[in-house]
Amino acid sequence: GYEPVLGVEINDFAYTTYINNLGKRFEKLKKFSSMDITINSNKQIIIDYLKNENIKVICGGFPCQGFSLSGSRIISDPRNTLYKDMLDIVKEVKPDYIIMENVLGIKTIFKGKVLQKIISDYQNIGYNISFQEINAADYEVAQTRKRLIFVGNRVNKKNVFPEKIITNPSRYISCGEILEKYKTLTENANFNHIFSKHSLEMQERLMKVEIGKCLYPNYNDSWKKCDKNKPSCTIKGNHGATNIHYELPRVITPREMAALQSFPDNYIFYGNKHALLTQIGNAVPPYVARAVGLALIKEIIK
C-alpha cells in the first residue's frame, strides 16, 4: 500500500542493489544516485524534492557507534551525524510518521542519555516517539535478531507496533527449514551463492565444531554453528566470518545469509563478496519491515 518515492544510500554497491531490485518496481526510485546526506547541498536537494510529494513516512537506520556526549549534547562524529541529518530532513519535510531502527545497545549508551536525547530532539520538532524491542523470529524470520524499532508521529495518532505472528517460540522457523534447499546447489556468483575457499585443514576444523559453539572461543555470533532445528543466531557481515553450516564443512554463503534474513531468491545483491556480506548483515529483515509497515498503514488509513 505504500509507494516509495525516494531512497538515499551513500554506498555505491548498496545503491546498485536497490536500483536493480526496487528500481524495476518503483519508477521514482530511479531518480537519485548514491548521495551523502551529511553534505548540506545534498540534503537540501532531498528536502526540495520531497516537499513536492505527499510524504506519509520517512524511514531510516543510523549507526550508534561513535556517540559521545558533552552535557546533554551529542558531539559530532562521522558515525553519528546521520541521526542529525535525518532529523534535519524530517524537520523540513514534516512527514506524518517516522520509523527508525537500531540495535538494542542504544538503550544503554551513556546510561540511556543518547536514547533520551534522540526522543527529546524529535519531540522538539513536534513528534511523539515510542520504541519497542522486536525479535525477527516472531515475524517468521528464521533468525533470532533483536532490534529496537522507533515509531513517531506528529498528527496525534497512535504509534503502533506489529503483533507477533509466531507467539510460541517452539514454532519458530528453523534455519534448517530455510537452508536445506541450498545444500546441493553448485556455486553460482550471479545468484550470490559464493563458497568460501577453505583449506582441507579448515574444513576438518569446521566439521568438529559442536552445534551452538563457535570456532574461536572469544567469538559470539560469528564462526558459529547454529542448530538446524532452531532459528539462526543473528546474521552479521562480520568481515567474512559468517556462520558455519550445520552439516557441511564450510561457512554459509551470501545467498544462504540472505535467505535467513528473509530475502527472496530473486533479490540479487551487487558488489564484491565483502560488499554482499555487509549489505545482507546490516539489513532489516524484509519480513520485519513488512510487519511494521502493515501495522502502521492501518493506523494511517484511519
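The values are calculated or read from the model by the stated rules, or taken from the named source; none is laboratory data. Predicted model only: the values in this text are computed from it and were never measured. Cβ placement follows ideal geometry from the backbone for every residue including glycine, while neighbour counts extend to all protein chains displayed. Protein only, heavy atoms only, side chains kept; ligands, DNA and RNA dropped before computing areas. Shrake-Rupley method; radii C 1.70, N 1.55, O 1.52, S 1.80 Å.
Listing for the model above:
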item: GNM top mover of THR167, THR234, THR81 - the chain, alpha-carbon springs below 10 Å; result: THR167
item: Coil-residue GluC sites (Glu not before Pro) of segment 142-228, DSSP, other Cβ within 10 Å capped at 12; result: GLU163, GLU187, GLU210
item: Residue with peak Gaussian network fluctuation, the chain [Cα springs, cutoff 10 Å], from GLY112, GLY60, GLY176; result: GLY112
item: Neighbourhood charge, 13 Å Cβ-Cβ cut-off, centred on LEU148 and excluding it, Lys, Arg +1 and Asp, Glu -1; result: +2
item: Proximal charge balance of GLU299 [Cβ under 15 Å; K/R count +1, D/E count -1]; result: +4
item: Debye intensity ratio in log₁₀ form over the Cα atoms of segment 9-49, taken at each q of 0.14, 0.33, 0.34 Å⁻¹; result: -0.32, -1.06, -1.08
item: Alpha-carbon Rg with Dmax, taken over segment 220-302, Å; result: 14.8, 53
item: Whole-Å semi-axes of segment 157-214's equivalent ellipsoid (Cα gyration tensor); result: 35, 18, 12
item: Accessible area of the chain belonging to carbon and sulfur atoms, whole % at 1.4 Å probe; result: 50
item: The chain, Rg to Rh (Cα coordinates; Rh as Kirkwood inverse mean 1/r); result: 0.98
item: Straight-distance crosslink candidates among lysines, where the alpha carbon sits under 25 Å from LYS158 and sequence neighbours closer than 8 are dropped; result: LYS51, LYS56, LYS84, LYS91, LYS94, LYS107, LYS113, LYS117, LYS146, LYS298, LYS302
item: HN-Hα J in Hz across segment 281-292 - Karplus 6.51, -1.76, 1.60, θ = phi - 60°, x for Gly and Pro; result: x, 8, 6, 6, x, x, 5, 6, 4, 4, 4, 5
